[in-house]
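See below for the structure under consideration.
Read-outs throughout are calculated quantities, based only on the coordinates presented, and are distinct from any laboratory measurement. Because the structure is a prediction, the values reported are computed rather than measured. Note that we place each Cβ from the backbone using ideal geometry, even for glycine, and neighbour counts take in every protein chain shown.
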Amino acid sequence: MAADQENNTGPGHVAIIMDGNGRWAQSRGRPRLFGHHAGAKRVKEIVRACKPLGVKYLTIFAFSTENWKRTQTEVSGLMSLFRQYIRKEARGLKAEGVRVRFIGDRLKLDDKLIALMDDLEAITSENDVVHLTIAINYGGRDEVARATKRLAQDVANGSLMPADVDEETLPRYLDTHVLPDPDLVIRTSGEARISNFLLWQSAYAEYEFVDTLWPDFSDEEFQKIVGAFGGRKRRYGAVPA
């Protein structure tokens with residue numbers, strides 16, 4: 001692609017920071033967990049919208065390493081919601097050709113949730129219609145730190161030479177090492193920050209910040225954003241000829 005040329009295709013990989021569930025619920029006089037349940041239903045609709053839009057990879061930010069700071073009630077409710085979501089949606093995801101992966105540090109999650117995550121990854125491992133990656137207990141800095149530890153261990157045991165380490169090396173140790181980098185990152189709810197999400201991978205991603213709260217983020221709005229992506233000029237640090 002020429003440095004100043006518009007894209008001819010849509011984004012192959014879209015990442016979404018799903019923000020605004022709590023505010024959506026509170027604006028209706030309901031507890032924050034009510035919003036999280038509404039947001040989970042929205043995920044299903046957006047996943048289904050991916051195939052006709054040509055979005056092969058969808059990565060969603062479900063729970064960050066910082067979210068443990070929330071109230072115990074909300075955290076426990078979210079963990080229960082994740083378990084419910086996997087049990088309820090597993091069969092449908094498999095039938096619709098969705099391959100599911102989870103990224104993040106699983107060590108802090110409970111054993112039942114980890115087992116469900118492992119099972120869902122296993123039963124969808126042959127699917128290839130849409131690749132859905134769910135970030136749970138994920139933080140970009142934490143991911144890079146964990147990747148660096150693994151890289152350092154390989155240097156220490158002699159399987160990797162320090163002189164061979166370059167910017168292509170670390171990505172092989174990241175949670176997302178089997179995924180392409182995101183082309184487009186969307187954040188809902190009107191906040192304009194990346195909140196420690198896919199820090200390394202999104203170096204040259206296009207960003208779209210929308211005011212819509214996540215439970216109200218429709219497949220029509222998703223389609224509009226994905227469609228507009230083709231008009232963006234992606235120069236990757238270069239300048240027009």
For the charge dipole of the stretch 57-140, defined by +1 on Lys and Arg C-beta atoms and -1 on Asp and Glu C-beta atoms about the Cα centroid, which residue among Leu81, Ile103, Ser125 has the Cα displaced farthest towards the positive pole? Leu81
Dipole in debye (nearest 20) - the stretch 13-227, about Cα centre, beta carbon charges: Lys, Arg +1; Asp, Glu -1: 1020 debye
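Report Rg/Rh for the stretch 86-148, rounded to two decimals, where Rg is the Cα radius of gyration and Rh the Kirkwood radius.
Details: Rg = 12.6 Å, Rh = 12.4 Å.
Using Cα coordinates only, the ratio equals 1.02.
For n ≥ 4 DSSP H runs only, could you compute -39500 (n - 2.57) per run for the chain, divide by its residues and tell me the 222 nm figure to the nearest 500? The partial results should precede the final answer.
Details: 6 runs with 92 residues, N = 241.
Value at 222 nm, helices only: -12500 deg cm²/dmol.
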Taking the Cα centre of the stretch 80-159 as origin, work out the dipole magnitude from +1 charges on Lys and Arg Cβ and -1 charges on Asp and Glu Cβ, in debye rounded to 20. 200 debye
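Determine by what factor the alpha-carbon radius of gyration of the stretch 13-227 differs from 2.2 N^0.38 Å, reporting the quotient.
Numbers: Rg = 17.5 Å, N = 215, 2.2 N^0.38 = 16.9 Å.
That works out to 1.03 for the stretch 13-227.
Output the Kirkwood hydrodynamic radius of the stretch 125-241, Cα pairs only, in Å rounded to one decimal. Please report the intermediate quantities before stating the final value.
Values: mean 1/r = 0.0590 Å⁻¹.
The Cα-based Kirkwood calculation yields 16.9 Å.
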GNM top mover of Ala62, Ala135, Ala203 - the chain, alpha-carbon springs below 10 Å: Ala203
Could you please state, rounded to a whole Å, how far the C-alpha centre of the stretch 163-237 is from the C-alpha centre of the stretch 67-130? 21 Å
